[in-house]
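Q: Just passing along the structure, written as structure tokens.
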Amino acid sequence: MRYEIDLDGIWAYFADTRDEFKDVKGSAFEAQLGDLVASKAWKKCIVPSVTNLHDKVLFRFFGKVFYKTAFKTPVGSRDHIVSLKFGGVNYKAMVWLNGKFLGQHENGYTEFSFDIGEFLNHDVVGPEDNSLVVLVDNSWGHKDWLPWTHKVDWFNYNGIHRRVRLVVKPLVRISDYEIRTPLEFPPGDAIKPSNITLLARVELENHSLAGFPGSVQVELQDAATGRVVVSTIEMIMIPAGNKAEQNFELALDPSSIALWSPDSPALYRVTFRLVDGSGQKVDERSWKWGFKKLETRGEHFYLNNKRFTMLGTNRHEDHPDFGLALPDALRYQDLVKMKDANINCFRGSHYPVGKAVLDYCDELGFLFIEEIPAYSLDAGMMADPAILATAKRYFDEMHDRDKNHVCLAAWSVSNECHTETKEGLAFHEALYKHVREVDGGEHMVVHVSNKGVMDRCHALSDFVTLNTYRGWYSGEMADFMQEVNLLHEILLDGDHELGPPRPIVLTEFGAEGLRGYRSWQSSKWSEDYQAEFLQYYIAECMKHDFIGGTWTWMFSDTRVDLPDRPDGRARSYNNKGMVDEFRSPKLAYSVIRDLYARWKEREGK
Ligand code: ADA
């Protein structure tokens, strides 16, 4: 039996605004927990949430906050593995259950869990069987806390900002799986592949005291109709207290498979079943899967053997009422609004986003680019092995969660770092190598650059990225194309270190537009100027066949904490959204919608 219990809901918190708890050490702190719980003035709050919205005085709070709740011991916990799973806590979490330290986790945007069976109270009956305390720390000044080594252009929220669950799992179980479906097309421009293989690697664990003789089944079904496309079984033996792996390789009939694309997001369901020697099902996991092939050929992208242009944007997870802790319904609505604007691809700007976003991308049809928060790192930071280690760990955790999503177009390993330096090159070489090893070459890998032809890391990247804000921070709008053309010319001329010609994607460009500020003169900060800016950039890019796409900066206005930034962050927001922070559209929204419709129509011809 496998099931989950939601621990979301009303919790209590205590914010350490007087900095009384400077140096909390996990196990040593066990002795103080009772006193903390009894003596502090705890206030009610909801989880998931951000601390900064619990109370006015916490609006700009960066420090330590204790959270507590209680929960009933799950049914079956004596003969199951029970894990406590956090979807995301920014940035460092320390966790105690029934007074015992379970462990800690750093990295604000990735999930983590602890096996808690031995710490549960089995003998009490009632809703308050187990008491859980979590310390959440989002303070600055830790040299390897990516991205919080320095101020960035979004908000460092404190909080248990994603779901908390108990996952009750059988002792013998399917612990993980990886699905791959390489597609081969015949020469020419056929839209049906000639070969499709289903490759699946299933990881199994046996936590019981006896060996497990049984079988693993894999089944592929059409998610809409339930039609079984293929199904097969392999016998397996998992030794007691051990792990095993089962690999499947199945040739599929290409004529029976509908491919996945943003226009037609056909989904299938892959189910893995673990069955014991007497035919009893012991564990089952299932996943919605799509078939796609995204590649670059020369200067162009191809999706399922057809030319493809990334009509994109960038999106932050932020809202005035929720901060980073967006409800899934809002995430879904964001994607609906993007779909209506003819966007077919977006980047989860700068960090692993809420897990549901990728589910919705699979369902609604978006290609997605997921990034670790290695943001604006300078040469000194990149020379620090601790920062490289954090970046690799971030990638591993992100990959672990999201590796099976059909929507994944590329991993991004960094944003606007000093890639023109030798330290930047060494850091990126190491990071790209790590990512390609872990990912096994399944997805494209890029870093997002604003260094143009000075970037020494372009050769590492599967497509060439360029962030440019000419006409906003400096220069004139018209200057941007010179930058792009220079990059293109050098890429075409073999005598350089930028690697072979590949698609160039304008990964960020935008201007601030304060919603409601309309102006006859198209003044900076007005909706009019922003719309004109985006219109100019996109229309220019459409004229150039070597441009593989444009990702506007950005979907919605986003809270920042940069009061001193000389070029201004009006309202303490980055105002470059096509919709404002409440998702009301600006002029820019319809400009993007109309231009992307035209671009797409042209491509179809
Ligand atoms: C950079 C950065 C974004 C944002 C943008 C801007 O390109 O990657 O996070 O800060 O600039 O608005 O200036």
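Q: Could you tell me the calculated FRET efficiency between Glu184 and Asp384, based on Cβ-Cβ distance and R0 = 51 angstrom, to the nearest 0.05? Intermediate values should be presented prior to the final figure.
A: Values: r = 43 Å, r/R0 = 0.85.
Once rounded, the FRET efficiency stands at 0.70.
Q: If one computes the Cα centroid of the stretch 286-315 and of the stretch 474-489, what distance in Å separates the two points?
A: Each part's Cα centre sits 26 Å from the other's.
Q: While we're here: What are the trypsin sites (Lys or Arg not before Pro) within the stretch 167-253 that DSSP puts in a loop, where the Cβ has at most 16 other Cβ atoms within 10 Å? It would help to have the intermediate numbers written out before the result.
A: Details: sites: Arg173, Arg180, Arg201, Arg227, Lys243; in loops: Arg227.
Those that pass, being in a loop and sparsely packed, are Arg227.
Q: Something else about it: Before I look further, what does the chain give for accessible area per residue, probe 1.4 Å, in whole square angstrom?
A: Working: 23620 Å² over 605 residues.
Here the residues of the chain average 39 Å² of exposed surface.
Q: So, how do all the Cα-to-Cα distances of the stretch 268-354 break down into 5 Å bins, in percent, from 0 on up?
A: Each 5 Å bin holds this share of Cα pairs: 3, 10, 12, 14, 16, 13, 11, 9, 6, 4, 1, 0.
Q: Under the rule of -39500 (n - 2.57) per DSSP H run of 4 or more residues, summed and divided by the residues of the chain, what mean residue ellipticity at 222 nm is obtained, to the nearest 500 deg cm²/dmol? Don't jump to the answer; show the numbers that get you there.
A: Values: 9 runs with 121 residues, N = 605.
For the chain, the value works out to -6500 deg cm²/dmol.
Q: Run the reach check for Lys85 against lysines, Cα to Cα strictly under 19 Å, same-chain hits fewer than 8 apart removed. What comes back?
A: Here the lysines satisfying the reach criterion relative to Lys85 are Lys68, Lys72, Lys100, Lys169, Lys355, Lys403.
Q: Still on this structure, I have one more. Under 15 Å from the Cα of Lys293, which aspartates and glutamates turn up, not counting those fewer than eight places away in the same chain?
A: Glu184, Asp189, Asp263, Asp362, Glu442, Asp462
Q: Averaged over all directions, how much area does the convex hull of the C-alpha atoms of the chain cover when projected, in nm²?
A: On the way: hull surface 115.0 nm².
Mean shadow area of the hull around the Cα atoms is 28.8 nm².
Q: How much length, in nm to one decimal, is gained on full extension between Glu429 and Asp396, taken as 0.36 nm per residue of separation minus their Cα-Cα distance? Write out the running numbers ahead of the final one.
A: Values: separation 33, 0.36 × 33 = 11.88 nm, distance 1.65 nm.
Contour length minus the Cα-Cα distance gives 10.2 nm.
Q: Is the shape of the stretch 398-525 best called rounded, prolate or oblate, per the rule: a/c under 1.5 gives rounded, else a/b larger than b/c gives prolate, else oblate, with a ≥ b ≥ c the square roots of the Cα gyration tensor eigenvalues? List each step's numbers first, then the result.
A: Working: a/c = 2.35, a/b = 1.47, b/c = 1.60.
Judged from the Cα gyration tensor, the stretch 398-525 comes out oblate (a/c at least 1.5, b/c at or above a/b).
Q: From the protein chains alone at 1.4 Å, what is the descending order of accessible area for Arg518, Arg165, Arg307, largest first? Present the calculation step by step, with values, prior to reporting the outcome.
A: On the way: Arg518 135, Arg165 20, Arg307 90 Å².
Largest accessible area first, the residues go Arg518, Arg307, Arg165.
Q: With a cap of 10 neighbouring Cβ atoms within 10 Å, and only residues DSSP puts in a loop, list the chymotrypsin sites (Phe, Trp or Tyr not before Pro) found in the stretch 453-547.
A: Here the chymotrypsin sites (Phe, Trp or Tyr not before Pro) that fit, given the DSSP loop and packing criteria, are Tyr473, Trp520.
Q: With labels modelled as points extended 7 Å from the Cα through the Cβ direction, what inter-label distance (nm, one decimal) is found for Lys243 paired with Asp176?
A: It is 0.7 nm.
Q: Something else about it: How big is the Kirkwood radius of the stretch 361-444, worked out from every pair of different alpha carbons and given in Å to one decimal?
A: Details: mean 1/r = 0.0752 Å⁻¹.
For the stretch 361-444, inverting the mean 1/r across all distinct Cα pairs yields 13.3 Å.
Q: With a 1.4 Å probe and all protein chains kept in place, how do Ile369, Ile46 rank by accessible area, largest first?
A: Ile46, Ile369
Q: Please give the contour-minus-distance gain from Leu209 to Arg598: 0.36 nm per residue of separation, less the Cα-Cα distance, rounded to one decimal in nm. If you can, show how the numbers build up before the last one.
A: Numbers: separation 389, 0.36 × 389 = 140.04 nm, distance 6.36 nm.
Stretched fully, the Leu209-Arg598 segment lengthens by 133.7 nm.
Q: Starting from the Kirkwood radius over alpha-carbon pairs of the stretch 549-600, derive D by Stokes-Einstein at 37 °C in a medium of 0.692 mPa s and give it in µm² s⁻¹. Mind dumping the intermediate values first?
A: On the way: Rh = 12.0 Å.
After rounding, the answer is 273 µm²/s.
Q: Still on this structure, I have one more. Along Cα→Cβ, 7 Å out, is where each label goes; now give me the distance between the ones at Glu234 and Val75 in nm to one decimal.
A: According to this spin-label approximation, the distance is 3.5 nm.
Q: With every protein chain present, what accessible area does Asp528 have (1.4 Å probe, heavy atoms only), rounded to the nearest 10 Å²?
A: The value for Asp528 is about 30 Å².
Q: Considering Cα pairs under 8 angstrom that are at least six residues apart, work out the relative contact order of the chain and quote it in whole percent.
A: Working: 1398 pairs, mean separation 66.6, N = 605.
About 11 percent, as a whole number.
Q: Ignoring GluC sites (Glu not before Pro) that are buried or in helix or strand per DSSP, and keeping those with at most 12 other beta carbon atoms within 10 Å, what is the longest stretch of the chain between them? Let's see the in-between values first.
A: Numbers: sites that count: Glu20, Glu128, Glu476, Glu497.
After excluding every exposed loop site, the longest remaining stretch is 129-475.
Q: I'd like the carbon and sulfur percentage of the solvent accessible area for the stretch 189-249, probe radius 1.4 Å, heavy atoms only, ligands and nucleic acids excluded. Present the calculation step by step, with values, prior to reporting the outcome.
A: Working: 1670 of 3230 Å².
Carbon plus sulfur share of accessible area: 52 percent.
Q: Simple spin-label model, 7 Å along Cα-to-Cβ: Ile10 to Leu492 in nm?
A: Result: 6.8 nm between the two label points.
Q: Taking all protein chains in place and a 1.4 Å probe, what share, in percent, of the accessible surface of the stretch 264-318 do carbon and sulfur account for?
A: Values: 790 of 1910 Å².
That fraction is 41 percent.
Q: May I ask you to compute the full-extension gain from Arg227 to His142, defined as 0.36 nm times their residue separation minus their alpha-carbon distance, rounded to one decimal in nm? Walk me through the intermediate numbers first.
A: Values: separation 85, 0.36 × 85 = 30.60 nm, distance 5.28 nm.
Here the segment from Arg227 to His142 would lengthen by 25.3 nm.
Q: Report the residues of the stretch 58-83 in range of a label on Gln280: point 7 Å along Cα→C-beta, backbone N strictly under 17 Å from it.
A: Residues 76-81 qualify, since their backbone N sits under 17 Å from the label point.
The values are calculated or read from the model by the stated rules, or taken from the named source; none is laboratory data. These numbers come from a predicted model, not from an experiment. Every residue, glycine as well, gets a Cβ built from its backbone with ideal geometry; the counts of neighbours run over all protein chains shown. Each accessible area value is taken on the protein alone, full model and side chains, heavy atoms only, with ligands, DNA and RNA left out. Shrake-Rupley method; radii C 1.70, N 1.55, O 1.52, S 1.80 Å.
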